[in-house]
Protein chains: 2
Amino acid sequence: MTDAAKQQVPIDEAVSGLPVPKTERGRRTLRALLDAAALEFGASGFHATGITDITRRAGVALGSFYTYFASKEDIFRALVTDLSAQVKAHVTPRVEEAPDALSREKAALGGYLDFVSQQQLIYRIIDEAEFVAPDAYQGHYRSTVARVTARLEAGAARGELKEGVGEVEAWAIAGMNVFLGLRYGVWGKDRDLAEVLARAHELVADGLRRR
Amino acid sequence: MTDAAKQQVPIDEAVSGLPVPKTERGRRTLRALLDAAALEFGASGFHATGITDITRRAGVALGSFYTYFASKEDIFRALVTDLSAQVKAHVTPRVEEAPDALSREKAALGGYLDFVSQQQLIYRIIDEAEFVAPDAYQGHYRSTVARVTARLEAGAARGELKEGVGEVEAWAIAGMNVFLGLRYGVWGKDRDLAEVLARAHELVADGLRRR
DNA sequence: CTGAAACATGAATCAAGATTCAACTTGAAA
DNA sequence: TTTCAAGTTGAATCTTGATTCATGTTTCAG
């Protein structure tokens, strides 16, 4: 996570599910722990990172961890929620600028690829949640897909897309995005992302377009 | 894993990377350990299952485990290779029966959805490999996608698909398949798989078809 | 039959690391 | 100033579970 990214992320009870510390000092410590945990979990994975790795990086004593989190899983879950919101915050504005249904899908895929290739750590954390915090993982994808579904249905209603497109297509598109991000954003940058985006979007556009 | 599935899976050094035991008794024990491990890892995940869980279910003493595997990760890796071959063995014949490029893709998706919804455990094991045995995970998807790419390029050469389809489209399709399998095969069976298949395939077919 | 080689056994070892806790510090309200 | 809730500290505790190993037992080629 970049310093810039850290600035943007105030503690928010509604999002993280955590009680907000009463003092400024407490909020700073909590934020330091979350940021450190993102780096450590992202780099080493859930099981390989110790609480001490997190507190060391955060510049905080071991015991302080338990002032804010009940367990290692607890902070991981909070992180997933936090990061899920970041992905959404990165993609949504780009989508909203797009003028029609097809370009909205292109903007969404482009924004996602972009984000993932810059924040590979975040990708790994959300993905590992499938096993560490399955509820948070499902929550992330269910809400992501719900947004896609809504876009597709709106596009269909407006006559820009095939009639009947909906949830199934949304899951398909989400899976596509995730795998393309994994392959071309995380595993290797051997292809120009713009080219990947163009090719993938042609597939989707021809698949969704009203015929 | 069903009993039927067990029968089909002899120990094969080339696939599993393990030395084949010299005696019949040894081969039986190794197979029992692999089958037990698939059940335990699939049900509880890598970190939550202990070696004792595996040996108990296999009906074998704790120490015997280390006659066959160097570590817990070792058996997990072998399992991924083993299961990857099973997925391929389930899907390939169906694909080969199909007469043209588009129906081959439909057969592949159908076969995969079918397999995953019956063998949810296998799905989880392969997916968890992303974190436990990243090399085996990448190997599985890279070879899966290589097969898809070859199918698409053959279809394009035959004039059945758009010109230029290839690797990017193959990763997109693979991601789609995986997410649809996860959502409709593993998380919930609230939709008829045949309907999911029909809708998803329409998306892919319109996306790939020569225009 | 016989002796290796292969395989089986499970109690003991050992390290790692999550969690607890009792004493201490800070800061702001009264 | 005083007080107290909020926050900080890190050594000590405690559990868990992977791995080792010394001692049997089985298999099978010769």
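The values are calculated or read from the model by the stated rules, or taken from the named source; none is laboratory data. Please read all numbers here as calculations on a predicted model, not as lab measurements. Positions of Cβ are backbone-derived with ideal geometry, glycine not excepted, and every protein chain shown enters the neighbour counts. Areas reflect the complete protein model, heavy atoms only, side chains present, ligands, DNA and RNA absent. Shrake-Rupley method; radii C 1.70, N 1.55, O 1.52, S 1.80 Å.
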Using a cut-off of 25 Å between alpha-carbon atoms, which lysines can reach B:Lys162, once sequence neighbours fewer than 8 places away in the same chain are excluded?
A:Lys106, A:Lys162, B:Lys106
Taking only Cα atoms and a 10 Å spring cutoff, compute GNM fluctuations for chain B and point out the largest among B:Lys189, B:Lys162, B:Lys106.
B:Lys189
I want the local charge near B:Val145. Using Cβ-Cβ distances under 11 Å, sum +1 for each Lys or Arg and -1 for each Asp or Glu among the other residues.
+2
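Around B:Lys72, what is the net charge, scoring Lys/Arg as +1 and Asp/Glu as -1 over all other residues with Cβ under 12 Å from its Cβ?
-3
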Any helix of chain B counts here only if DSSP assigns it H throughout, its Cα atoms span 24 Å or more along the axis, and its mean Kyte-Doolittle hydropathy is at least -1.0, and such helices are B:24-44, B:72-97, B:101-118, B:134-157
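Enter the accessible area per residue of segment B:25-144 (Å², integer; probe 1.4 Å; all protein chains in place).
Working: 4830 Å² over 120 residues.
In whole numbers, segment B:25-144 has 40 Å² accessible per residue.
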For every other residue with a beta carbon closer than 12 angstrom to the beta carbon of A:Asp190, add +1 if it is Lys or Arg and -1 if Asp or Glu, then tell me the sum.
0
Max mean-square fluctuation residue, GNM over chain B, Cα-Cα springs under 10 Å, options B:Ala156, B:Ala200, B:Ala48:
B:Ala48
Partner lysines whose C-alpha sits under 23 Å from that of A:Lys22, ignoring same-chain residues fewer than 8 away, are A:Lys6, A:Lys72
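So which GluC sites (Glu not before Pro) in segment B:145-211 end up in coil per DSSP with only 12 or fewer other C-beta atoms within 10 Å? Can you show the working numbers first?
Details: sites: B:Glu153, B:Glu160, B:Glu163, B:Glu167, B:Glu169, B:Glu195, B:Glu202; in loops: B:Glu160, B:Glu163.
Taking segment B:145-211 and a limit of 12 other Cβ atoms within 10 Å, the loop GluC sites (Glu not before Pro) found are B:Glu163.
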What are the nm distances, shortest first, from A:Arg25 to its equivalents in the other copies, labels at 7 Å along Cα→Cβ?
6.8
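Under the rule a/c < 1.5 gives rounded, and otherwise a/b versus b/c splits prolate from oblate, where does segment A:75-208 land using the Cα gyration tensor? Don't skip to the answer; put the middle values down first.
Values: a/c = 1.96, a/b = 1.35, b/c = 1.46.
The shape class here is oblate.
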For segment B:46-73 and segment B:86-134, what is the separation of their Cα centres, given in Å?
28 Å
